[in-house]
Amino acid sequence: MNDEELPRDLELMADEALQGLCPNEWAELDRIRPPSVEREAELRELELVAAEVACAEAVVERMPATLTARIVADTEFGLTRAPALIASVVRLAPQRSRASVDRVQYAGWLLAALVILSFWIAWPSAQTPSAPIAQLPVAQLPVPRPDAPVAAPPSLAERRQALLQTEGVRQAAWVATKDPSGLGASGDVVWNAHEQKGFMRFHGLAKNDRQKIQYQLWIFDKERDAKHPVDGGVFDVGEDGELLVAIDPRVPVHHATLFAITIEPPGGVVVSKRERIVVTAALPPT
């Protein structure tokens, strides 16, 4: 694959995953490829890969030849239609960095990374076990002392309290809508954009049957189109309606303005119809 020859719709979707699109670019994407469940699912996958790439993009040295050969071999197992594509990506990707390639090249590398990721997920049972690249000698492995005390991890309440002490944290109360599941509900949301962490507290939220419905969080980002809020994940509420939830956004949220809870089918949705909005919380301006 020539990393400079990328279909325009895929280039735009990759750009959205990497840095977001301006209104004109959104209009162009909608014209080339109208909104659909399939498009939104592909966009979410691209955003997940972008997050993985962001964690690893500092590594720009060339990949060792032995590791390159092993990845190509593992990926080609059971795949006969595009071995040259995968080999090209594995060969070129380690030489790329965001500082040395233009936007189209980076988008092409991101799309190729998604292809590799999907193949690795699709054939986990077909891949033959291979020896690890490097192992520590047994003598260097840490041996825990049987009598050493194990510190308990902090609870959600303790983590929330610690976040409240950080600089830049913002807090807002939930406002119930007329939806029956939210009547009388209260609580608050705490969010720190720098830490990309937050917590939601609920009181009096109606219990849900997770076989039929689940609650889903949506985060509206000032730097994103309001038609595409960030998916914050699904959660369930027990009999007492009391709940503390850690916020786990699927992609980075740069400037959160509004948090909203909707009722969706089990597992959540890619794009909410917003037919049942239960509670909302508008963050104060920074």
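The values are calculated or read from the model by the stated rules, or taken from the named source; none is laboratory data. Being a predicted model, the structure only gives us computed values, none of them experimental. Glycine gets a Cβ as well: all are built from the backbone with ideal geometry, and neighbour counts include every protein chain shown.
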When residues of segment 218-259 are filtered for being hydrophobic (A, V, I, L, M, F, W, C), under 18 Å from the mean Cα position of the chain (by Cα) and more than 22 Å from residue 27 (Cβ to Cβ), how many remain? 10
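Filter segment 254-286 down to residues that are among the charged types (D, E, K, R) and crowded, with 17+ Cβ neighbours inside 10 Å and give me whichever is farthest from residue 188 (Cα to Cα). Lay out the reasoning, then the answer.
Within segment 254-286, the subset among the charged types (D, E, K, R) is 264, 273-276.
Imposing the further condition that a residue be crowded, with 17+ Cβ neighbours inside 10 Å reduces the set to 264, 276.
Values: 264: 21, 276: 19 Å.
My answer is 264.
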For segment 250-272, state whether one or more residues are at positive phi and without any contact (Cβ under 8 Å) to a residue 40 or more places away in the chain. no
Go through segment 160-172 residue by residue and tally those that are part of a helix (DSSP H, G or I) and either closer than 11 Å to residue 195 by Cβ or not assigned by TED's automatic domain parsing to the domain that holds residue 257 (or both). 2
Of (1) modelled with pLDDT of 95 or more; (2) of a type in the set (A, V, I, L, M, F, W, C); (3) surrounded by fewer than 12 Cβ atoms within 10 Å (Cβ to Cβ), residue 226 satisfies every one except (1)
In segment 195-214, the residues that are of a type in the set (Lys, Arg) and within 25 Å of the chain's Cα centre (by Cα): 197, 201, 210, 212
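Okay, residues lined up against (1) hydrophobic (A, V, I, L, M, F, W, C); (2) over 22 Å from residue 41 (Cβ atoms); (3) in contact with a strand residue (DSSP E or B) (Cβ under 8 Å, 6 or more places away or on another chain); (4) outside the structural domain of residue 167 (by TED's automatic domain parsing):
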{"site": "198", "(1), (2), (3), (4)": "no, yes, yes, no"}
{"site": "230", "(1), (2), (3), (4)": "yes, no, yes, no"}
{"site": "252", "(1), (2), (3), (4)": "no, no, no, no"}
{"site": "273", "(1), (2), (3), (4)": "no, no, no, no"}
{"site": "277", "(1), (2), (3), (4)": "yes, yes, yes, no"}
